[in-house]
Amino acid sequence: MFKKYFRGLTTIALLFSASLAMAGQYQLVGEQSSLYFTSIKNSDIAETHHFTDVAGSIDKDGKANVVVQLASVETHIAIRNERMQSMLFNVLEMPKAVVSAHLSTSLMKQLTSGAVIDQTLPVTIELHGKQATQESDLRIAVLTDGSVQVTTRNPLFIDATDFSLTEGIEKLREIAGLKSITAIVPVTATFLFKPTK
């Protein structure tokens, strides 16, 4: 009887602590997060790249922000990294992109340990001095240690014309001697947020 009672108290305590964690703040764990994009050249050659420097947080009101340092673009070819930094992103003047979303209060309350929720949310991207918002299918999960993992269930399709990047794409195309580089770019992400102490 005592053991059963003790297990019940333990379960309640765990659920209560998970709810308290969700009421607090979270910091993104960069080394356990990923942000990938795919470029398509000459109509049918696809290459996947990523950024190695991302940071961010979720505040107590559910506002999530992820800051991407554009100079950290990794294409696995050094000269191509440099060209993207200077010709496409112009990192000296506009060094970062910001991805933001808002987890509603009702959604935050659903996130107790072990919960997995699929949700479509508006995601705003600020890049190259421009801003665009689109609906994104996300999977939000709370891990056993209280961390929150946010994953794109489907790629976001980013249009370079929305961010005035087409001129940079054309420069990359010319210097690489390509016939074309597609302006529509699929992007996928997995972000892990740990509760702050």
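Straight-line reach from residue 96: taking Cα to Cα under 14 Å and skipping same-chain neighbours fewer than 8 places apart, the aspartates and glutamates in range are 53, 126.
Which one of 94, 169, 65 is farthest out on the positive end of the charge dipole of the chain, using unit charges on Cβ (Lys, Arg +1; Asp, Glu -1) and the Cα centre as origin? So the residue we want is 65.
The slack in the chain from residue 74 to residue 46, taken as 0.36 nm per residue of separation less the alpha-carbon distance, amounts to 8.6 nm. With the simple model of a label 7 Å out from the Cα in the direction of the Cβ, residue 94 to residue 153 spans 3.2 nm. Here the Karplus relation 6.51 cos²θ - 1.76 cosθ + 1.60, evaluated at θ = phi - 60°, turns the backbone of the stretch 40-57 into coupling constants of 10, 10, 6, 6, 9, 10, 9, 9, 9, 10, 8, 10, 9, 10, 10, 9, x, 7 Hz, with x for every Gly and Pro.
Remark: the stretch 140-147, residue by residue, has Karplus-estimated 3J(HN,Hα) of 10, 10, 9, 7, 5, 8, x, 5 Hz, where x stands for each Gly or Pro and the curve is 6.51 cos²θ - 1.76 cosθ + 1.60 at θ = phi - 60°. May I ask for the net charge around residue 130, where only other residues with Cβ less than 11 Å from the Cβ of residue 130 are counted and Lys, Arg are +1 while Asp, Glu are -1? Within the 11 Å Cβ shell, the charges total -3. Computed from the C-beta positions of residue 124 and residue 145 and an R0 of 30 Å, the FRET efficiency is 0.55 to the nearest 0.05.
Note that the stretch 174-182 has calculated 3J(HN,Hα) couplings of 5, 5, 8, x, 9, 6, 7, 9, 5 Hz, one per residue in order, obtained from phi through the Karplus relation 6.51 cos²θ - 1.76 cosθ + 1.60 (θ = phi - 60°); glycine and proline are x.
Considering only 34, 142, 56, the residue lying farthest towards the positive end of the dipole of the chain is 142, judged by Cα position with unit charges set on Cβ.
Charge dipole of the stretch 105-147 (Cα centre as origin; +1 on each Lys and Arg Cβ, -1 on each Asp and Glu Cβ, all else neutral): 80 debye, rounded to the nearest 20. Charges were assigned to the Cβ only: +1 to each Lys and Arg, -1 to each Asp and Glu. The resulting dipole of the stretch 2-195 about its Cα centre is roughly 840 debye. One decimal place: the segment residue 106-residue 57 gains 15.8 nm when fully extended, by the rule 0.36 nm per residue minus the C-alpha distance. Under the definition of Cα pairs under 8 Å and six or more residues apart, what whole-number percent is the relative contact order of the chain? Contact order relative to length: 25 percent. The residues neighbouring residue 26, those whose beta-carbon lies less than 14 Å from its own, together hold a net charge of +1 under the Lys/Arg +1, Asp/Glu -1 convention.
Largest first, the three principal axis extents of the alpha carbons in the stretch 58-107 are 47, 23, 13 Å in whole numbers. Computed with the Debye formula from one identical point scatterer per Cα of the chain, without solvent, the log10 of I(q)/I(0) at q = 0.14, 0.19 Å⁻¹ comes to -0.82, -1.29. Using the structure shown, list the pairs from 171/194; 130/179; 41/63 with a Cα-Cα distance above 32 Å, or answer none. Pairs exceeding the cut-off: 171/194; 41/63.
What's the extension gain from residue 132 to residue 182 if we count 0.36 nm per residue and subtract their Cα-Cα distance? Working shown, then result.
Numbers: separation 50, 0.36 × 50 = 18.00 nm, distance 1.86 nm.
Residue separation times 0.36 nm, minus the Cα-Cα distance, leaves 16.1 nm.
Sorting 118, 137, 44 from the fewest to the most surrounding beta carbons within 10 angstrom yields 44, 118, 137. In this structure, the amide hydrogen of residue 103, modeled 1.01 Å from its nitrogen in the peptide plane, lies closer than 5 angstrom to those of 63, 64, counting only residues at least 5 positions away or on a different chain. Sites listed here are trypsin sites (Lys or Arg not before Pro) in the stretch 38-86 whose DSSP assignment is loop and whose Cβ has at most 12 other Cβ atoms within 10 Å: 60.
Every number here is computed from the coordinates shown, using simple stated rules; none is lab data. These figures come from a predicted structure and were not determined experimentally. FYI the Cβ positions are ideal-geometry reconstructions off the backbone, even for glycines, and counts take in every protein chain you see.
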